[in-house]
Amino acid sequence: SKEETQKIRVAEVTRSIFYAPFYVALENGYFEEEGLEIDLKTTWGGDKTMTALLSDGADVALVGSETTIYVYAQGAKDPVINFAQLTQTDGTFLVSREKIDNFSWDDLKGSTFLGMRKGGMPQMVGEFVLRKHGIDPHNDMTLIQNIEYANVPNAFASGTGDFVQLFEPVASMFEEQGIGHIVASFGEESGHVPYTVFMAKQSYLTDNEEAMKKFTKAIYKAQKWVESHSAEEIAKVIAPYFEDTELSLIETVTANYKNQGSFATDPILDEEEWENLQNIMDQSGELPKQVDYKTLVNTKIAKEVMKK
Amino acid sequence: MQSFFKLFGRRWIVLKTERLLQLQKSYVKKLRKEKHFILLMQFVIFLSFFALWELSSTLHWIDPLLFSKPSKIISLFFEKLAEGTMLTHVGVTLLETIFGFLLGTSIGTILAAILWSSNLFAKVSDPYLVILNAMPKVALGPILIVSFGPGYVSIIAMGAIISVIITTLVVYSAFNNVDENYVKVMKTFGATKWQCFKEVILPNCFPTIISTLKVNVGLSWVGVIVGEFLVSQKGLGYLIIYGFQVFNFTLVLLSLIIIAVFATLMYKLVEVVEHKLIKNHSNS
Amino acid sequence: MQSFFKLFGRRWIVLKTERLLQLQKSYVKKLRKEKHFILLMQFVIFLSFFALWELSSTLHWIDPLLFSKPSKIISLFFEKLAEGTMLTHVGVTLLETIFGFLLGTSIGTILAAILWSSNLFAKVSDPYLVILNAMPKVALGPILIVSFGPGYVSIIAMGAIISVIITTLVVYSAFNNVDENYVKVMKTFGATKWQCFKEVILPNCFPTIISTLKVNVGLSWVGVIVGEFLVSQKGLGYLIIYGFQVFNFTLVLLSLIIIAVFATLMYKLVEVVEHKLIKNHSNS
Amino acid sequence: MSFLQCKSVSHAYVSKHDTKLVLKEINLGIDEGEFISFIGPSGCGKTTLLSIISGLLNQTDGDVILENDVISKPNDKIGYMLQQDYLFPWKTIEENILIGLKIRNKLKEKNKQYALDLLKEMNLAEVINKYPGELSGGMRQRAALVRTLATKPKLLLLDEPFSALDFQTKLKLENLVFDTLKSRNKTAILVTHDIGEAIAMSDRIYCLSANPGKISSIFDIPKELRTLSPFEARHHKKYAELFQTVWQEMDRLEN
Amino acid sequence: MSFLQCKSVSHAYVSKHDTKLVLKEINLGIDEGEFISFIGPSGCGKTTLLSIISGLLNQTDGDVILENDVISKPNDKIGYMLQQDYLFPWKTIEENILIGLKIRNKLKEKNKQYALDLLKEMNLAEVINKYPGELSGGMRQRAALVRTLATKPKLLLLDEPFSALDFQTKLKLENLVFDTLKSRNKTAILVTHDIGEAIAMSDRIYCLSANPGKISSIFDIPKELRTLSPFEARHHKKYAELFQTVWQEMDRLEN
Ligand SMILES: Nc1ncnc2c1ncn2[C@@H]1O[C@H](COP(=O)(O)OP(=O)(O)OP(=O)(O)O)[C@@H](O)[C@H]1O
Ligand SMILES: Nc1ncnc2c1ncn2[C@@H]1O[C@H](COP(=O)(O)OP(=O)(O)OP(=O)(O)O)[C@@H](O)[C@H]1O
Ligand SMILES: [Mg+2]
Ligand SMILES: [Mg+2]
């Protein structure tokens, strides 16, 4: 019903340019158009985001799909269901300390690699990509995986490691400052995965199906807008969400992501992506058990929204 | 020689007040000189620290990206101040800390009173108190988030929980260490247990309670910062985490400095309150 | 009535030793009964806590996903023990804590001695010490990683840094509060400042130093856990973070329980050492 | 029957590891208005006996009877003054001296006036709003006396009230206390280590021996000394004689 | 010239807000072997004077001369005993009594033996390995005396050494200290509040008046009393007379 606005509490896993379409939806008023009021909260880290969702501190979470598998594997009675995809590739980049003109993945052999913490999506994708290029992450190089997500950049900047796996905008910043050089994108290498997805408890989805449809519709609208606009235009719209980042940097980063097709163009989480995710998790030894696509993914909402 | 002394002695009597005044004057002068020297030294240290920082950052002796530099921090500070966001962050953290602090102290004191009132209860709960006390409370972060949700409540709970057990133990031991002769005096007048508590035990331990406040302020800051590291949208701990996220070390260091300033102010405030309240308490 | 007393008095003399023994016996009996009751109550509390937990988790009064349940925790414990990984984690954290603790205490004591030796230096550094003391040290975590690199050193540094200033302040104030008459006695024998320190100041403050140990153990745990939250791939703090990350709350709670056990053991150990060392110290 | 009677009072402290008989069959009777002293070696049970008489401690055996009432808990008629003043440092002198009336719910204007008059009599009127920490030892002890007397007890128990004072102050306070109590016809029991004090102030001295504490001898003070103020008594020749006798008795008890 | 001479010794404590003249022109001479007492109201500067004589405190004016040496810092020839024993609780009695020799680097077998003999003389041989906390007040004070005497000072400064003890113990210790010092021909200065003690122990009494502290009167003790032990002296008739005189002087000084 459009007369009354419904409030939806969203917990995002972090504040990142990677989630540009979401901020576009907020900033361009797509949610308001649908009669939704979004109460956005940043709950740093997948663990806290999922906890917020499970302990009813939030209605919808924006976080990696792997968490839904973890939760399901622990025997949740009311599992968390993925219903709208936001990003479809990994968002990290491979940054090297020295400038390398003709980078080949073999350069990583024998080096010290500063990776992400165990159990998270970036780490799993990182190892997956390395393996894909014939590198055994635990034997062919010195792998440092002990650092909390937010502290990885400063560990690298203060001299640890030859290579580092970094999120934006830090990767571009390092490039700018000459601390490191982006040599590859994990997003390009990983193939499509449900990297960041909107999800909610099953019970919530059932009880608020209409609202969730509206929510997905707003997201879809934003995805189309992002697809059809330049990085410069996008950066301008989302700038208010990144107070302390320079506009030019936002633009660079947006362009990077846009160019490698990180932003999903529609909210549907495909089965192929799902299996890719499980495959990646399995290779890292973090997959507690195989979970059927249908069990944790709701495509009905997205499909209906796209039909209209 | 003796005559010299006689003479001197005599002269001294005549000049007595004058001489004393002179002694006083040179003493005060020495004191003032020392004080000025100390202030100067402190100032020099302060200045050279920041100057060295600025210099080494500018000359790239240290990585300016990681260690920023004072001039940048100051300009960021004014920028944030102009925007008005800094005040909100500081306000949020301060409020959380004060709430956590007051909660922790008052709950701790009440628990101590309950323990005091029932010896049996105290004995039964002893091992649990020891465990709770030894437990590093920051490890409970995840549990708090699960229990209180990811919001202010969790942060304040962290600020409170970190000080509540230690307050209980310290205040309870103070209750028990009250010189029993004070209680004996009360008992000779036929006082009840509650009267003894109200008139003797509590006022006697007031200084201890106030002293725990000083410790608790510090603990509450730790709790709130750790809490804000885990869940927050606003506040100085949030700024640190956020600053890291966007690799803005100027912001991180600015937040650290502001935390240091406010933590110190709060500590000093409690100290002033302590001095005021305890003044009449001390027995000569 | 008087005759009764006479009689009673007489009887009493005869029965004296017997009567005393009986008094003693009934007293000891009462004590034992109370002790048993207390143990029983403690056990009942312990049991009902875990039973209630198990029950409410099984019956879904609380979300078993978030709060796990004791039976699962226990089985996970044995599983991890069989794998042998648990021992490594515990060992790592314990070592870090012990190192941090020893470092913090010894550096703090040395700093206190330096402050004591130079009054001027103490006065100059006073405001800086106040700021450093009030500063919530956990906020410095990121800075430590930048300075000491992402590894054990940072964690141990965190465990040490969190206790070093408070040790300095407490021990320095103890040094200054030594009854000056003890020093006066030394001075009448023409003792130097160093002799006074060695023979009087330090041994006099030994109990205080040992007492700060008890506080420091707790602080070091906090520092190490926070440190492990930030950088680590082993240790109990790491297990908590990891368990949280993969949403295995059973692991989180198991780690918390193990932390509680070891923190308590370490605290008790220091307490025992304290009692042993202080025994002869106390003046009657 | 006497004003106060102890009948075969015995007391044993029971602890986990042993039982110590501290008082053994103390029998004594004190008439109204008498001033009695207990002396004896340290640890012989003097404080214990006072605590029993005051009703703060329940004896193992025997009875304490005050004006036909058996004492088993603190009683309005008894005032107890401890070795140190134990004024409450966080209360003003006024609050301190009125605490007894307050606890007993007798804070009527009349009683309050009585206490304030006593304070004036002790030359403490001008410190009424000060805190104990601001007073000298002698002043504090006097305030403590006022606090004890404010509730108008008939029997005063004084446990070494002067031992923490310096010699001159002590001599002066002895006189003051003596006059105050005599003029109000209070009955008093004084515990002291100072033989001279016992002789100078009291009508009768009970010497206690230790392990277990029992009455080993009783000295009646000659009339000549009784009527004198303590300070004067100390310079009477009978004083020196009696001092020697008691000293020897004490010496015997201690070895 | 006397053994010890104070020449126009004055002292003022200077603080931030005011300067207090505590001692004003103290002139005195003490011969070797003499036993001198200082008495005076609290705060008249007795401890200050002792500190100056001991060299611990530097006077504002005047000179202290001991056997022709000007005293300006602690000196081997002087032993100082404080009001309480201040034995180090963390050291055994043996370590305590040898600390002076240790500090002065004189821990030779001969000196050590001297200290241990003294300890035996004081009846403390069997507590040599105990800690001060396990001793009674009198024993502790005796141990403190041994500690002071162990370095063989020629001049002893005693600052109210008996004030924390109970009456009997005090009388006994007075005798012991008196005998010990006399037999070794030590010179001694005793500070006390107890007029009786001053009369019983010393050869001469200096009465100090307060604000600023100066010598207000000197009492020479009659020969009859000097030769008696303190305990006996207290019962001599000249004692009572002198007591009255000094008492009145003190009373005058205090008001
Ligand atoms: N609460 C108690 N529990 C066990 N023993 C006690 C207790 N109070 C006193 N005693 C013991 O009883 C004995 C008598 O103690 P009490 O205090 O009555 O002696 P006192 O004559 O007053 O000694 P003092 O002259 O030193 O004051 C002492 O040996 C003491 O150790
Ligand atoms: N270090 C100091 N600084 C300032 N004033 C002091 C100091 N020491 C003592 N005084 C003051 O000097 C005066 C004399 O002190 P002193 O201790 O010498 O007196 P006293 O005669 O020994 O007193 P008492 O009999 O109480 O021991 C007192 O008024 C005291 O307050
Ligand atoms: Mg007693
Ligand atoms: Mg003095």
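The values are calculated or read from the model by the stated rules, or taken from the named source; none is laboratory data. Source: prediction; values computed, not measured. When we count neighbours, we look across all protein chains shown, and the Cβ atoms used for this are built from the backbone with ideal geometry, even at glycine. Note: accessible area is taken over every heavy atom of the protein model, side chains too, but ligands, DNA and RNA are not part of it. Shrake-Rupley method; radii C 1.70, N 1.55, O 1.52, S 1.80 Å.
What to note about this one:
- Interchain or long-range residues, amide H under 5 Å from E:PHE3's placed H: E:ILE30, E:ASP31, E:GLU32
- Based on protein heavy atoms only, chain C ends up with 48 Å² per residue of surface accessible to a 1.4 Å probe.
- A 1.4 Å probe run over chain A, with the rest of the protein chains in place, finds 36 Å² accessible per residue.
- Complex-versus-alone comparison for segment C:136-172, residues with a loss of 30 Å² or more in accessible area, probe 1.4 Å: C:PRO136, C:VAL138, C:ALA139, C:PRO142, C:ILE143, C:ILE145, C:VAL146, C:PRO150
- Computed 3J(HN,Hα) for segment A:214-228, one whole-Hz value per residue from the Karplus formula 6.51 cos²θ - 1.76 cosθ + 1.60 where θ = phi - 60°, is 4, 4, 5, 4, 4, 5, 4, 4, 5, 4, 5, 4, 4, 4, 9, glycine and proline marked x.
- Residue order for C:TRP61, C:TRP116, B:TRP221 - accessible surface, 1.4 angstrom probe, largest first: C:TRP61, C:TRP116, B:TRP221
- What separates the D:GLU32 label point from its copies, with the point 7 Å along Cα to Cβ, is 7.0 nm, written shortest first.
- Table column - 3J(HN,Hα) (Hz), segment C:175-190, Karplus curve with 6.51, -1.76, 1.60, x for Gly and Pro: 4, 6, 8, 4, 3, 5, 5, 4, 5, 4, 4, 4, 5, 4, 8, x
- Shortest-first nm distances, E:ALA164 label point to equivalent points in other copies (7 Å, Cα→Cβ): 1.5
- Exercise: per-residue mean of other protein chain Cβ atoms within 10 Å, B:30-38: 2
- Among A:255-264, B:28-37, sorting by the average number of other beta carbon atoms lying within 10 angstrom of each residue, highest first, gives A:255-264, B:28-37.
- Average other protein chain Cβ within 10 Å of Cβ, residues C:185-198: 6
- From the C-alpha gyration tensor of the protein assembly as shown, square roots of 5λ in Å: 77, 39, 28
- Other protein chain Cβ atoms within 10 Å, averaged over every residue that makes up B:226-236: 5
- Links that overshoot a 26 Å alpha carbon limit, given the list E:LYS170/E:LYS223; B:LYS33/E:LYS214; B:LYS198/D:LYS154: B:LYS33/E:LYS214; B:LYS198/D:LYS154
- Hits among aspartates and glutamates - C-alpha to C-alpha of D:LYS238 under 15 Å, sequence gap 8 or more where chains match: D:GLU197, D:ASP203, D:ASP220, D:GLU224
- Nearest-first distances (nm) between copies at C:TRP194, label 7 Å from Cα via Cβ: 6.4
- With contacts taken as Cα pairs under 8 Å at a separation of at least 6 residues, chain E carries a relative contact order of 25 percent.
- Amide H to amide H distances under 5 Å link E:LEU190 with E:ILE36, E:SER37, E:PHE38, E:LEU158, where only residues 5 or more positions off or on other chains count and H is placed in the peptide plane.
- Total buried accessible area between C and B, probe 1.4 Å, nearest 100: 4000 Å².
- Three-way shape call for segment C:92-149 based on the alpha-carbon gyration tensor, with the a/c threshold at 1.5: oblate
- A Förster radius of 60 Å, combined with the Cβ-Cβ distance separating E:TRP247 from C:SER118, puts the computed FRET efficiency at roughly 0.75.
- Residues whose amide H lies under 5 Å from that of A:LEU86, counting only those 5 or more places away or on a different chain, are A:THR196, A:VAL197, A:PHE198; hydrogens are built 1.01 Å from N in the peptide plane.
- Per-residue SASA remark: E:HIS11, around 10 Å² accessible (1.4 Å probe; ligands, DNA and RNA not included).
- Remark: accessible surface ordering of D:THR227, C:THR264, E:THR245 (largest first) is D:THR227, E:THR245, C:THR264, probe radius 1.4 Å.
- Ligands, DNA and RNA left out, the accessible area of the protein assembly as shown computed with a 1.4 Å probe is 57% carbon and sulfur.
- Peptides D:201-208, C:48-55 ranked from most to least packed, by the mean per-residue count of other Cβ atoms within 10 Å: D:201-208, C:48-55.
- Total charge dipole magnitude, the protein assembly as shown, about the Cα centre, Cβ charges on Lys, Arg, Asp, Glu only, Debye to nearest 20: 6820 debye
- Charge tally in the Cβ shell below 14 Å around A:TRP44, where Lys, Arg are +1 and Asp, Glu are -1, A:TRP44 excluded: +1
- For the pair A and C, total buried accessible area rounded to nearest 100 Å², probe 1.4 Å: 2200 Å²
- Interface area, D with B, accessible, probe 1.4 Å, both sides summed, Å² nearest 100: 2100 Å²
- Candidate lysines - alpha carbon under 26 Å from A:LYS236, same-chain residues fewer than 8 apart omitted: A:LYS41, A:LYS214, A:LYS217, A:LYS221, A:LYS224, A:LYS258, B:LYS72, B:LYS80, B:LYS234
- Protection proxy ranking of B:224-237, B:90-103, A:33-46 - average other beta-carbon atoms within 10 Å, highest first: B:224-237, B:90-103, A:33-46
- When the C-alpha to C-alpha distance is required to be over 21 Å, the pairs from D:LYS73/D:LYS152; B:LYS184/B:LYS276; E:LYS77/E:LYS182; C:LYS193/E:LYS102; E:LYS24/E:LYS186 that qualify are B:LYS184/B:LYS276; E:LYS24/E:LYS186.
- Solvent-accessible area of D:SER136, all protein chains in place: 60 Å² (probe radius 1.4 Å, heavy atoms, ligands and nucleic acids excluded).
- Ranking of A:TRP105, A:TRP274 by solvent-accessible surface, largest first: A:TRP105, A:TRP274 (1.4 Å probe, protein heavy atoms only, all chains present).
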